[in-house]
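Below is one structure, written out as structure tokens; the observations come after it.
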Amino acid sequence: MGVTILDVDSARKSFGGREVLHAASIWVHEGKITSLLGRNGCGKTTLLRIVTGELRAEAGSMRFLGEYHERPRLHILARRGLAYLPARELLPYNIPLREIFALCSWPDRPSAPMVEELGLAHLLDHTPDELSGGELRRAEVASVLLLQPSCLIADEPFRGIAPADCDLLIAVLRRYAASGGAAIVTGHEKAHMLAVADDVIWMHDGTTEYVGAPGDAVLHDRFRPAYLG
């Protein structure tokens, strides 16, 4: 199973008296990728925002690298190795990628291999506002992986990009996991979300349910008809 890197247990959150999350849990293990799947509005992003400290849960607990965090804060978690790729645009629009990647890279770990792997080497002198949607998402993924995080939280990394870009990101994320990294990803691109995953958690009715590895998930008697269709 491997070491548990991140574990959120029984999170609860309401907005305006409407309960969005009720006993929602998620976890990820070293060297593994967990896909969090569910329909629009089910609370996936809310749960990730609780993990990264953008929202505060009304109940539940969170542990990162074995340490309990009553009130998670991203700047503290980031120092311990957690990186967050939000669904919204991440990079400053007017700074060349070369400078962005230099700021994100460790001095003893050059950015060139990651830049090459993500097909960005010919774009280093471009700014994010000059990139296509797929190029921009690949650049955002590069910026967070260059930080060498022990855990990556990626909200909708495949949204709005071409299948070829999705396949490239899957390969990069799988190599990240193979090197010992842990990741939680969300999204609605069902085939890609299953292809990238080691474990699948289904969010519905404000809670979460583990439905197994991708091969088990597609055969699950409730997950398949209710979500996969």
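The values are calculated or read from the model by the stated rules, or taken from the named source; none is laboratory data. Here the structure is a predicted model, which is why all the values come from computation and not from measurement. A quick note on method: Cβ atoms are made from the backbone with ideal geometry, for glycine too, and the neighbour counts reach across all protein chains shown.
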query: Which of the residues that make up the range 95-135 are under 23 Å from Phe158 (Cα atoms), part of a loop (DSSP other than H, G, I, E, B) and out of contact with any Leu (no Cβ under 8 Å at 6 or more places or on another chain)?
result: Ser132
query: Out of all the residues in the range 2-53, which are over 17 Å from Tyr210 (Cα atoms), surrounded by 17 or more Cβ atoms within 10 Å (Cβ to Cβ) and polar (S, T, N, Q)?
result: Thr45, Thr46, Thr52
- prompt: Here are Arg224, Arg175, Arg138: which of them is buried (at least 21 other Cβ atoms within 10 Å of the Cβ) and in a helix (DSSP H, G or I)?
  reply: Arg138
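Considering each of Ser105, Ser132 in turn, give the residue that is in contact (Cβ under 8 Å) with a residue 40 or more places away in the chain, over 21 Å from Glu54 (Cβ atoms), out of contact with any Asp or Glu (no Cβ under 8 Å at 6 or more places or on another chain) and among the polar types (S, T, N, Q).
From the options Ser105, Ser132, the qualifying one is Ser105.
Matching residues to (1) hydroxyl-bearing (Ser, Thr, Tyr); (2) touching a Cys at 6+ places or on another chain (Cβ under 9 Å); (3) closer than 18 Å to Leu48 by Cβ; (4) free of Cβ contacts under 8 Å to residues at least 40 places away in the same chain:
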{"residue": "Asp165", "(1), (2), (3), (4)": "no, no, no, yes"}
{"residue": "Glu189", "(1), (2), (3), (4)": "no, yes, yes, yes"}
{"residue": "Met203", "(1), (2), (3), (4)": "no, yes, yes, no"}
{"residue": "Tyr210", "(1), (2), (3), (4)": "yes, no, yes, yes"}
query: Which of (1) in contact with a Pro (Cβ under 9 Å, 6 or more places away or on another chain); (2) of a type in the set (Gly, Ala, Ser); (3) at pLDDT 90 or above; (4) surrounded by fewer than 21 Cβ atoms within 10 Å (Cβ to Cβ) does Gly60 not meet, given it meets every other one?
result: (1)
message: For the range 1-54, which positions are basic (Lys, Arg) and assigned to a strand (DSSP E or B)?
response: Arg12, Lys13, Arg18
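Going through Thr4, Thr34, Thr52, Thr46 one at a time, which residue ends up being of a type in the set (Ser, Thr, Tyr), closer than 30 Å to His126 by Cβ and touching a residue at least 24 places away in the same chain (Cβ under 8 Å)?
Thr52
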Residue ID - surrounded by the fewest Cβ atoms within 10 Å (Cβ to Cβ), chosen from residues in the range 141-167 that are of a type in the set (A, V, I, L, M, F, W, C) and assigned to a loop (DSSP other than H, G, I, E, B): Ala162
field: One residue from Ala83, Ala87 being of a type in the set (A, V, I, L, M, F, W, C) and part of a loop (DSSP other than H, G, I, E, B)
entry: Ala87
field: Output for the range 64-107, where each listed residue is surrounded by fewer than 18 Cβ atoms within 10 Å (Cβ to Cβ), modelled with pLDDT of 90 or more and among the hydroxyl-bearing types (Ser, Thr, Tyr)
entry: Tyr68
statement: In the range 178-187, anything surrounded by fewer than 22 Cβ atoms within 10 Å (Cβ to Cβ) and either free of Cβ contacts under 8 Å to residues at least 24 places away in the same chain or not aliphatic (A, V, I, L, M) (or both) is listed as Ser179, Gly180, Gly187
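Restricting to the range 199-213, what's the tally of residues that are part of a strand (DSSP E or B) and farther than 11 Å from Lys44 by Cα?
Qualifying residue count for the region: 6.
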message: Filter the range 55-76 down to the residues that are part of a strand (DSSP E or B), of a type outside the set (Asp, Glu) and over 19 Å from the mean Cα position of the chain (by Cα) and list them by number.
response: Ala59, Gly60, Ser61, Tyr68
field: Odd one out for Leu120, checked against (1) within 18 Å of the chain's Cα centre (by Cα); (2) farther than 28 Å from Ile76 by Cα; (3) surrounded by 17 or more Cβ atoms within 10 Å (Cβ to Cβ)
entry: (1)
